[in-house]
Structures are given as C-alpha cells and as structure tokens.
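**Q** Before anything else, here's the structure in question.
The values are calculated or read from the model by the stated rules, or taken from the named source; none is laboratory data. Please read all numbers here as calculations on a predicted model, not as lab measurements. Here the Cβ is made from the backbone with ideal geometry for all residues, glycine too, and neighbour counts use every protein chain on show.
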Amino acid sequence: MHAHAQVSPDSRRPRGRYVLAGAAVATVALAGVQATATAQRTPKAGVVPLVVYSAQGYDKLETEDFSKKYHIPVQLNDNSTGPLLTEIEASKNNPKWGLLWVDGATAFAELDDQHLLVRGFEPNVHWNSLGKAALPADKSYVPTGVTLMAIMAYNKQKVAHPPRSWQALLSAKWRGQVGMNDPSQSGPTYPFIAGIMQNLGGIAKGKTYFSKLKANGLVVNPTNGPTLAALASGQINLALVQSSAGIGAYFSDHNIAVKYLNPVTILPSVIGIDAKAPAQEQKEAELFASYVLSRAGQKVMKTGDPTGDSLYYPVLSGIAPRGILPPLSGVKTQSINPYVWGPKENAINSWFDSSIVK
Amino acid sequence: MATLQHDLPPPAALEPPEGCGPSANRTGSFDRRRLDRLRWDPQLAARGGLAAFWALLAALIVLPCACFLMLAVSPRLFGQGSQWFTLSYLRGVFTGTTAVSLVDSLWVSAAAAGIGLLVGIPIAWLANRTLLPGRRFIAGAMWLVLVLPSWLPASGWERLVQPDGVMYRIGLDFPFITSAIMGPFGVVLLLGLRCVPFTYLTITAALRGLGQEYEDAARTHGAGRMASLRLLIPILAPAITSAIAIGFAESVSDFGVAATLAYRANFPLATYQLFANVNGFPPSFPGAAAIGWLLVGSVAVPLALQARALRGRAYRVLSGRSRPALRRRLSPRGLGASLILVIGYFSVALGVPGFGALSSSLLSDYGASLQPTLVNYRAVFENSGLSGPLGRSLIYGLITATVTVALGFLCANLLSRRGSASGALLDFLLLAAVALPGVVFGAGYIFAYNLPALSHLGLSLYQTTTLLVVAYIASSMPTNARVLVGAVSQIDPSLRNAARAHGASATRAWARGVLPALSRPLLMAWLLTFSGILLELPLSQLLYAPGSPPASVAIEDNLGNYHFGIGTAQAVVAVGLAFAVVGLALGIFRLVAPDGWRHVGEGVNE
C-alpha cells in the first residue's frame with residue numbers, strides 16, 4: 001500500500017470543464033422548469049392569481065368552480081394543516097398566500113394576534129346559530145361549516161350499550177377500550193381537549209380527567225385514520241374522533257355507529273385572508289369566501305368529498321347538512337374561545353405528549 | 001497538504017499569457033493563436049470551476065441550513081421571536097424529553113449502521129464474488145428496499161404485530177414479539193434494514209473495482225482465506241467507512257420510523273422532537289434549530305472515525321492492469337447459510353412492508369373484515385387525480401437525478417482526495433446535510449430564498465417549481481456523493497493518462513478511460529436519487545408551487561383526509577412505477593452500454 005497517491009497534473013486538468021458542464025446541465029434543466037412554472041403563473045389582465053392554502057377535501061372542486069365563474073385564476077396549495085401553517089409562519093416576513101382554509105379557529109386567532117389576517121370582513125349571509133357562535137368579534141376570519149370534536153364512534157356489533165357521558169368513559173367497564181388522537185399530530189384534537197377542560201372548569205381539572213382516562217387504559221393513536229383502524233380491528237371499542245371521520249367510516253364499515261356525548265365541541269372550518277396580500281388579491285379572497293357561502297359554493301362543499309369533509313353541519317340558515325348526519329337537536333354543543341385557548345395550545349399539547357402519550 | 005499543493009497550477013501556468021504581459025503588442029492587435037490561448041486556460045478554468053462549484057454548494061446547502069440553524073441563537077433574524085441573541089433554546093435541548101431523544105437517536109443510529117454493515121457486506125460479497133443462485137436478483141431487490149419510503153415498512157410491522165394485529169388474528173399469540181418490535185429493538189432493526197442497501201451499493205461499487213490480483217498476491221504468499229480477507233478489507237476501507245457514515249447519518253435524520261413505530265413505542269427520537277417543534281402552532285423554529293445543531297454535531301463522530309481509519313492511505317486500485325475477480329462456488333454449508341441470510345433479509349425487509357402496504361390498499365374497511373377488494377385501486381385509476389402529480393414527480397425525479405449525479409460526481413472527486421482541508425470540509429458539510437431532516441431544508445429554503453430584499457430585486461423563487469427542484473438536488477446530493485465516493489476513490493489516474501498519452505483530448509480520455517469504470521456506479525447513484533425524489537414528502541409539502549402538487553403531496557392528501565385505503569393504493573402504484581423505472585434503466589443499460597462497460601469489475605466464474 002502506498003503512503004501517498006500519485007496525482008499527475010494531467011489528472012486534475014479537466015475538472016474545470018466538468019464543473020462547467022455540470023453547471024450548464026443544471027442551468028438548462030432548471031431554466032426549463034422555471035419556464036414551465038412561469039407560464040403557469042401568468043395571470044390575466046386586471047386580476048392577480050389568488051393563492052389558496054387549503055386542507056379541505058373539496059377544495060379542488062371549489063376553487064375550479066370559482067375560477068370558472070369569476071375568471072380569476074386560483075393557485076391551490078392543497079396540503080395538510082400542519083405544513084400549511086408551518087409555511088405561513090416561515091414566510092411571514094414576505095408572505096405569498098392569499099387565503100387560508102382549514103379546520104379549527106385557534107390557529108386563526110394566533111394569526112390574528114400576530115396581525116397577519118384581514119379584519120372586519122363579513123360576507124353578506126344569514127348565519128344560523130352555529131355560524132354565529134363561530135364568528136369572531138373582530139371579523140378576522142369566516143366560518144364555512146362545522147364538524148364536531150370529538151364524537152364517539154363504536155362498533156355496534158360489539159357495543160350494545162355505549163357510554164352516555166364523558167365521565168362514563170372512566171368506568172372499569174371501558175378499561176382499555178377507549179382510543180383518541182394525539183393533539184401534536186392531529187390538528188382537530190386540541191380543540192377537543194380544550195373543550196373538555198373548559199367544560200370541566202379549567203385546565204387542572206381537565207388534566208385530571210385525561211390522567212384518569214390514561215389510568216383506565218386510554219390508547220392514543222396519531223390521527224383519525226389510525227384510531228378508526230384500531231376500532232375496526234378490535235384493538236379498541238370506542239374511538240373519540242372528528243365527526244366527519246367517524247361518520248365517514250360508516251361508508252367503509254357498516255358496523256360503525258356514532259354517538260354524541262354532551263357537551264360536544266364545535267370545530268369550525270374557517271377562511272382567513274392574508275393581511276399582507278396585494279389589495280386586489282384580498283378582494284378576490286373576499287369574493288371567494290362569499291362564493292363558498294353561496295348556495296352554489298355550499299353545494300360543492302356538500303358533494304365534493306362525500307365520505308370525508310362534506311360531512312359537515314352548515315353555518316347558514318336554509319342550508320341542510322347531508323342526510324347521513326345525525327340531527328343536532330337534543331345535542332348540547334359548545335364553542336371554545338380561540339383567543340383564550342389558542343395561546344395555550346403548545347403548552348397543553350406538550351403536557352399531553354409527556355404525561356398521557358408516554 | 002500534498003494534495004493542496006497539487007491543486008495549484010505549475011508556476012508556468014501563473015505566468016501571464018503571451019501577449020498580455022509587458023511584452024504584449026501595444027497596438028492591441030492579438031493574433032488568432034494568442035487569442036485562442038487566452039480563451040481556454042485549463043488551469044484557470046479548473047480553479048474558476050472549483051470556485052463556482054463551492055459557490056453553488058454554499059447557495060444550495062450552506063445558506064438554507066445556516067438560515068435555519070441560526071434561529072437557535074437569533075430567533076429575531078427571521079421574525080421568529082424577540083431575541084437577537086439567546087442560548088436558551090440550545091440549553092433547552094439538554095433537558096427533558098429532547099435530551100433523552102437525542103441520546104436515543106445517537107445509539108440507535110450507531111447500532112443501525114452496524115447492522116447495515118454486518119448484513120450488507122456479506123450480501124454484497126455473495127452477489128459479486130460467488131456463484132450464489134439468484135444473485136442476479138439481489139441488486140433489483142435492494143433497489144426495491146431503497147424505493148420504499150421508511151414509514152411503509154414501519155406501518156407494515158405495526159399492522160402485523162400490534163395488539164389485535166394480523167399475527168393475533170390468525171391465532172399466533174406472541175406478545176413478546178409485539179413488545180420487542182414495538183420498542184427500541186424494532187426501531188433499531190428497521191433502521192438497520194434500511195442501512196443495508198447503502199452498504200450494499202458502496203461495497204458493490206468498491207468490489208467491482210477490486211481486481212483479482214490482490215487476492216492472488218496474498219494467496220501466492222501463502223495466505224489463507226482469512227488472511228486474504230485481512231488484506232482485502234483495508235482496501236475496501238473507503239467504502240466501508242463511507243457506508244458506516246452514511247448509515248449513521250441516514251438513520252439519525254430518518255423521520256418515517258421516528259413518526260410511526262418509534263412514536264407508537266413511546267421511544268422518542270430527535271427527528272420526531274424536531275418535527276413536534278415545527279408542527280406545533282405557532283411553530284418553534286428556534287427550538288427545532290437547536291435540535292438541528294446537535295444532529296449536525298452528531299455526524300462528527302463517524303467522520304472522525306473515518307478520518308482516523310483512512311489517514312495517509314491511498315485506494316486507487318482500479319487501473320488498466322486490474323484483472324477480473326473470480327466468482328467462487330460455495331460449499332454446501334456455505335450455500336445454505338448464504339441463502340438463509342439473503343432470503344431472510346429480503347423476507348423481513350420487503351415481505352413485511354409489502355404485506356402491510358398491500359393489505360392496507362386491498363381492504364376497504366380499515367381492516368375490520370380482512371376481506372380483500374380492489375375498490376381502492378379502482379378509485380385510484382378512475383378518479384383520484386394522481387396521474388398529474390405522478391407525471392410531475394417523474395419529471396422532477398429525472399431532472400433532479402441527472403443534475404445531482406453530475407454534482408455528486410464532482411463532490412465524490414473532491415472527497416476522494418484524502419488529506420486536503422477542502423475535502424475534509426466538504427465531507428463534514430455533506431454528511432451534516434444528510435443528518436438534517438427534510439423539514440429543516442424546506443423551512444431553510446423559505447427563510448433563505450423568500451427574503452423581502454430578494455422580492456424587491458424581482459427574484460421571487462419561493463413557490464416556484466425551480467426552488468423545489470433545487471431543494472431536491474440539494475437534499476439528494478450529499479447521499480449521492482457518498483454512494484459514489486467509494487468507486488471514485490478507486491480510479492487510478494493511469495486510466496486517463498494512458499488515453500492522454502495516446503493523443504486523446506482530456507474529455508475523450510475521461511470518456512474512454514474512466515467513464516466505463518464508473519458507468520454502473522453513476523447509474524446506481526442516478527437511480528437512487530430518482531427513487532428518493534419520486535415519493536419525497538417534507539420538502540414537497542413546504543415548497544411545491546401551488547397548483548402543481550407532486551405525487552407525495554397528493555397521496556398524503558388522501559391519507560390525511562380519511563381516504564386511507566386510496567392513499568395506500570396510490571403509494572403502492574407509485575412505488576410500482578418507481579421500480580418499473582429502475583428496471584427500465586437497468587435494462588437499457590444492459591442493452592445499450594458497450595460490453596466492456598457492463599463487465600467492469602464483474603467476476604468470472606471459477
């Protein structure tokens with residue numbers, strides 16, 4: 001074995017050429033990609049493209065219909081809620097989004113507190129009681145529908161008499177049979193935890209409740225899907241999940257039924273508009289929100305994702321939910337104040353992860 | 001230092017070109033010959049090229065990572081807090097769950113790299129140096145292991161062994177298997193299985209460059225099999241240490257296993273803690289950056305070991321005098337053990353995840369009835385909107401792989417020059433980049449390339465496909481270079497010099513002398529990058545241009561919107577497509593590449 005490799009001057013000489021050749025390949029390839037991207041982003045005269053960040057299952061159809069009707073190009077960032085919010089926070093010094101449409105008002109309250117949302121906009125619509133309960137005082141965001149978090153899904157072949165209250169879940173009868181989601185992975189789960197805490201009279205009492213639930217064998221899965229899979233496989237018999245997920249599961253497994261335990265927390269799907277977007281884009285975003293709350297827009301919402309997000313309760317008078325949804329008459333609903341509970345989200349989720357998940 | 005000196009052009013090259021110095025024609029009328037010499041000075045071009053290369057690396061990797069990591073000490077830099085300077089986030093990572101997760105990540109990654117080595121080296125040797133039946137399928141199966149996103153095997157294992165999982169439902173009541181797999185052992189095992197292909201690729205590339213003459217020399221001097229091995233293993237040291245380093249870095253940055261099996265096992269890993277910081281609302285980028293610093297720091301350990309192992313040695317063994325290695329016939333006992341090893345590995349690495357993915361995609365009811373149906377696949381092919389994103393990801397993969405291999409080859413060239421400061425810096429830089437999870441790159445790219453100042457200059461890269469592809473290249477290049485460095489280290493300059501001595505130009509000499517020896521490693525590196533990009537998720541989620549979602553985002557959209565079966569069916573289709581491309585590329589290489597290219601380093605039967 002030689003101690004030193006022999007390097008002839010000649011062996012180094014062509015490296016510059018390779019670098020230049022490599023750079024040329026990269027430049028040509030990226031120029032091609034950029035040209036395609038630029039062509040896609042060219043707006044029509046008089047309007048600017050509306051950039052919609054959305055995690056809704058029906059958003060593609062909704063934005064396509066809106067574009068057709070108003071001849072406004074829409075660029076849709078269809079993603080999970082987590083990455084959308086990460087992107088917004090990372091780009092807040094120079095935001096590129098126009099409108100955000102996801103479930104849960106707590107994130108919007110946080111964005112509003114950072115002055116990142118347009119305030120004072122309210123579409124000219126007739127809200128029902130759910131809509132009025134979800135509308136913020138400063139009108140910094142707009143509710144477009146409501147799901148419930150959490151409802152109890154169960155296998156009716158195995159559970160003839162499901163529990164009737166939140167406290168009943170702590171009884172020995174349901175030991176090791178209850179499952180729920182992890183709030184640090186499932187966005188809608190934090191409002192559920194906050195709702196339980198609010199209903200019981202405070203954070204401390206809520207922590208005691210979840211600690212008892214853990215002592216009774218609570219199974220925590222990351223999100224709605226795995227929790228429902230655990231229900232289907234028989235690992236658990238009671239799944240605390242979002243109403244749209246629980247009711248949607250019925251389409252694939254007819255043995256799954258749902259029950260609403262009082263009080264159940266409402267989880268609005270919400271539109272907010274970027275306060276730093278160009279004025280024209282803000283106008284278009286307001287038009288989009290109004291369109292979503294029109295009869296045509298609500299029709300798309302109700303039909304666009306029939307086994308998923310379309311299973312919502314409307315927030316407008318005169319608009320009925322899909323027939324499969326149980327009526328809310330006799331169900332006690334509650335709202336959490338997102339401006340109070342939003343800032344506590346990280347601390348409560350951390351506590352849940354370190355004390356309940358572990 | 002010796003290599004650094006070699007980087008400098010000979011003194012003659014520093015002389016001003018004729019016509020430009022004091023003796024230049026003062027009327028400025030250069031003759032044609034003088035002008036030509038001015039236009040192309042190879043030494044100057046080499047130095048300019050290297051400078052451009054380092055600038056490119058800085059823009060692609062250093063700047064975005066630095067922007068993200070700086071937030072750990074200066075959150076206000078990008079509006080993520082009120083402090084211009086603080087050490088509180090860095091102090092925070094040494095306490096509580098984060099500290100535990102970091103320690104877990106370090107030992108788990110070291111163990112996984114060890115498993116990768118223990119399993120990968122024998123399989124590479126069996127595939128390249130023996131007449132093992134079915135050896136031709138090993139490379140393809142390794143590619144399938146690499147193509148699978150790491151969460152898929154983890155989900156497959158969970159589905160099999162979890163309480164009320166398939167194992168229990170078919171009557172196998174083995175709780176000890178559940179507790180073993182759903183714990184640290186399972187995490188190490190899964191990450192270790194994933195390290196095997198990296199070891200296999202690097203060792204295979206090295207074995208192909210290792211001619212029979214070294215083994216013959218040992219045997220001639222009376223060495224037995226073990227003594228021969230003691231001679232050969234040090235020659236393979238660059239590939240072995242590279243495999244350890246890349247296995248460690250890939251494991252420490254893995255998120256798929258951390259977010260699935262490790263999470264379910266209540267066994268926190270650092271990448272999950274980093275994700276929890278970024279995914280919370282509002283996200284704590286400074287907290288995530290502090291964890292990022294420690295991940296970057298962790299790669300110093302394998303790098304130091306590598307530097308110590310390779311110090312002062314040369315590994316240029318592939319020259320015109322290299323002789324084809326002999327493929328040996330295995331003894332019956334050796335054959336049995338080898339088959340158990342190879343079949344066992346692929347059963348565990350491919351069988352279980354394959355079962356998990358296929359069973360999820362073939363069940364329409366969350367697994368309640370175990371009744372297979374094609375309803376999810378019908379949904380995929382009828383109306384899932386996957387064709388556009390899949391086509392897009394294919395194009396992104398093609399572009400990314402092509403550019404990445406070109407840049408990765410240059411990196412491997414620099415890395416192969418042991419002893420130079422620039423090589424050591426590059427080594428650390430690339431491995432540190434491997435150790436950082438994709439979400440760090442994604443957020444770093446937003447911080448670095450969405451500055452208001454850039455927008456004012458008309459440079460709006462954020463939310464363009466260009467930036468996404470650039471980020472893909474940046475995130476793929478470190479692994480790519482690592483895979484190539486073993487093969488590149490073995491190239492003896494005599495291969496090129498021989499062609500030069502016979503009058504070939506520099507480019508032609510490289511194409512005729514070196515390219516044949518590197519063609520297969522380059523193809524492998526290309527396929528590795530392509531496969532990785534096709535289903536890449538964290539960068540895609542944060543950087544894709546609105547309206548142009550890649551395949552992984554479309555699949556995740558279904559998985560996150562209660563359409564679990566359809567999402568899994570889409571993943572199976574995408575993995576199938578990736579594997580088809582791998583097969584196609586290998587087939588084209590077999591048909592089109594000159595005979596000599598295909599047989600470089602290939603053994604001959606005993």
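**Q** Look through B:D216, B:D173, B:D164 and report the one residue that is surrounded by fewer than 18 Cβ atoms within 10 Å (Cβ to Cβ), farther than 30 Å from A:G234 by Cβ and either free of Cβ contacts under 8 Å to residues at least 12 places away in the same chain or acidic (D, E) (or both).
**A** Working: B:D173 fails: farther than 30 Å from A:G234 by Cβ; B:D164 fails: farther than 30 Å from A:G234 by Cβ.
Matching residue, one of B:D216, B:D173, B:D164: B:D216.
**Q** Any chance region B:128-142 includes a residue that's at pLDDT 85 or above and in contact with a Gly (Cβ under 8 Å, 6 or more places away or on another chain)?
**A** Within region B:128-142, one or more residues are at pLDDT 85 or above and in contact with a Gly (Cβ under 8 Å, 6 or more places away or on another chain).
**Q** Among the residues of region B:487-500, how many are in contact with a Ser or Thr (Cβ under 8 Å, 6 or more places away or on another chain), part of a helix (DSSP H, G or I) and farther than 18 Å from B:T204 by Cβ?
**A** Final tally of qualifying residues: 4.
**Q** Output yes when any residue across region A:21-44 is modelled with pLDDT of 90 or more and buried (at least 21 other Cβ atoms within 10 Å of the Cβ), and no when none is.
**A** First, the residues of region A:21-44 that are modelled with pLDDT of 90 or more: none.
No, region A:21-44 has no match at all.
**Q** Could you identify the single residue in B:L431, B:L426, B:L484, B:L394 that is more than 9 Å from chain A (Cβ to nearest Cβ), assigned to a helix (DSSP H, G or I), in contact with a helix residue (DSSP H, G or I) (Cβ under 8 Å, 6 or more places away or on another chain) and farther than 28 Å from B:A578 by Cβ? Walk me through it before giving the result.
**A** Values: B:L431 fails: farther than 28 Å from B:A578 by Cβ; B:L484 fails: farther than 28 Å from B:A578 by Cβ; B:L394 fails: farther than 28 Å from B:A578 by Cβ.
Going through B:L431, B:L426, B:L484, B:L394 in turn, just one is more than 9 Å from chain A (Cβ to nearest Cβ), assigned to a helix (DSSP H, G or I), in contact with a helix residue (DSSP H, G or I) (Cβ under 8 Å, 6 or more places away or on another chain) and farther than 28 Å from B:A578 by Cβ: B:L426.
Yes or no, residue by residue, for (1) touching a residue at least 60 places away in the same chain (Cβ under 8 Å); (2) within 13 Å of chain B (Cβ to nearest Cβ); (3) within 28 Å of B:S540 (Cα to Cα); (4) not in a helix (DSSP H, G or I):
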| residue | (1), (2), (3), (4) |
| --- | --- |
| A:L76 | no, yes, yes, yes |
| A:P83 | no, yes, yes, no |
| A:P95 | yes, yes, yes, yes |
| A:A153 | yes, yes, no, yes |
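**Q** Condition (residue is part of a helix (DSSP H, G or I) and within 17 Å of the chain's Cα centre (by Cα)) applied to region B:456-465: is it met by at least one residue? Spell out how you get there, then give the answer.
**A** Narrowing region B:456-465 to residues part of a helix (DSSP H, G or I): B:456, B:465.
With within 17 Å of the chain's Cα centre (by Cα) added as a condition, the list becomes none.
No, region B:456-465 has no match at all.
**Q** Which condition breaks for B:V108 when tested against (1) away from every other protein chain (no Cβ under 14 Å); (2) modelled with pLDDT under 90?
**A** Just one mismatch for B:V108, condition (2).
**Q** Out of the residues in region B:160-186 that are within 14 Å of chain A (Cβ to nearest Cβ) and assigned to a loop (DSSP other than H, G, I, E, B), which is farthest from B:R264 (Cα to Cα)?
**A** Looking only at region B:160-186, we keep the residues that are within 14 Å of chain A (Cβ to nearest Cβ), and these are B:160-170, B:175, B:178, B:182-183.
Imposing the further condition that a residue be assigned to a loop (DSSP other than H, G, I, E, B) reduces the set to B:162-165, B:170, B:182-183.
On the way: B:Q162: 10, B:P163: 12, B:D164: 15, B:G165: 14, B:I170: 22, B:M182: 7, B:G183: 8 Å.
Here the answer is B:I170.
**Q** Taking region A:291-301 as the region of interest, how many residues are assigned to a helix (DSSP H, G or I) and either touching a Cys at 6+ places or on another chain (Cβ under 8 Å) or polar (S, T, N, Q) (or both)?
**A** Quick first cut of region A:291-301, residues assigned to a helix (DSSP H, G or I) only: A:291-292, A:295-301.
After this cut, where a residue has to be either touching a Cys at 6+ places or on another chain (Cβ under 8 Å) or polar (S, T, N, Q) (or both) as well, the list is A:298.
The total comes to 1.
**Q** Does B:S475 meet the test of being in a helix (DSSP H, G or I), away from chain A (no Cβ under 13 Å), of a type in the set (S, T, N, Q) and crowded, with 24+ Cβ neighbours inside 10 Å? Give the derivation first.
**A** Values: in a helix (DSSP H, G or I): yes; away from chain A (no Cβ under 13 Å): yes; of a type in the set (S, T, N, Q): yes; crowded, with 24+ Cβ neighbours inside 10 Å: yes.
It is true that B:S475 is in a helix (DSSP H, G or I), away from chain A (no Cβ under 13 Å), of a type in the set (S, T, N, Q) and crowded, with 24+ Cβ neighbours inside 10 Å.
**Q** Show the residue pairs meeting these rules: Cβ distance below 7 Å; 6+ apart or different chains; first residue within region B:51-64 and free of Cβ contacts under 8 Å to residues at least 60 places away in the same chain; second residue crowded, with 17+ Cβ neighbours inside 10 Å and among the small types (G, A, S).
**A** Listed by first residue and then by second, the contacts come to B:A52/A:A23.
**Q** Considering A:L111, A:L100, which residue is under 24 Å from B:V553 (Cα atoms), in contact with a strand residue (DSSP E or B) (Cβ under 8 Å, 6 or more places away or on another chain) and either modelled with pLDDT of 90 or more or facing chain B (nearest Cβ under 10 Å) (or both)? Step through it out loud before you land on a result.
**A** Values: A:L111 fails: under 24 Å from B:V553 (Cα atoms).
From the options A:L111, A:L100, the qualifying one is A:L100.
**Q** Shifting gears a bit: Restricted to region B:345-372, and to residues that are part of a loop (DSSP other than H, G, I, E, B) and surrounded by 15 or more Cβ atoms within 10 Å (Cβ to Cβ), which residue is modelled with the highest pLDDT? Full working, then the answer.
**A** Taking region B:345-372 as the starting set, the residues that turn out to be part of a loop (DSSP other than H, G, I, E, B) are B:363-372.
Imposing the further condition that a residue be surrounded by 15 or more Cβ atoms within 10 Å (Cβ to Cβ) reduces the set to B:363-368.
Numbers: B:L363: 70, B:S364: 64, B:D365: 58, B:Y366: 61, B:G367: 60, B:A368: 60.
Per the stated criteria, the residue is B:L363.
**Q** What is the number of the single condition among (1) crowded, with 20+ Cβ neighbours inside 10 Å; (2) farther than 30 Å from B:R333 by Cα that B:G183 does not meet?
**A** (1)
**Q** Could you tell me how many of the residues in region A:161-182 are at pLDDT below 95 and among the hydrophobic types (A, V, I, L, M, F, W, C)?
**A** Count: 0.
**Q** Which of the residues spanning region B:397-417 are facing chain A (nearest Cβ under 8 Å) and outside any helix (DSSP H, G or I)? Don't jump to the end; show me each part of the working.
**A** Start the filter on region B:397-417 by keeping residues that are facing chain A (nearest Cβ under 8 Å), which leaves B:399, B:402-403, B:406-407, B:409-410, B:413, B:417.
B:R417, the sole residue that qualifies.
**Q** Related question: Consider B:A448 carefully, then state whether it is surrounded by fewer than 23 Cβ atoms within 10 Å (Cβ to Cβ), at pLDDT below 85 and not aromatic (F, W, Y).
**A** Values: surrounded by fewer than 23 Cβ atoms within 10 Å (Cβ to Cβ): yes; at pLDDT below 85: no; not aromatic (F, W, Y): yes.
No: the conditions fail for B:A448.
**Q** If A:Y250 satisfies all but one of (1) within 15 Å of A:V159 (Cβ to Cβ); (2) in contact with a Phe, Trp or Tyr (Cβ under 7 Å, 6 or more places away or on another chain); (3) hydroxyl-bearing (S, T, Y), what's the number of the condition it fails?
**A** (2)
**Q** Show me the helices (runs of 4 or more DSSP H) found entirely inside region B:501-545 where at least 1 residues are within 18 Å of B:A412 (Cα to Cα), more than 11 Å from chain A (Cβ to nearest Cβ) and in contact with a helix residue (DSSP H, G or I) (Cβ under 8 Å, 6 or more places away or on another chain).
**A** On the way: elements: B:506-513, B:515-534, B:538-543.
Qualifying helices (runs of 4 or more DSSP H): B:515-534.
**Q** Within region A:228-251, track down each residue that is at the interface with chain B (Cβ under 10 Å from one of its Cβ atoms) and more than 23 Å from the chain's Cα centre (by Cα).
**A** A:A232, A:S233, A:G234, A:Q235, A:I236, listed by residue number.
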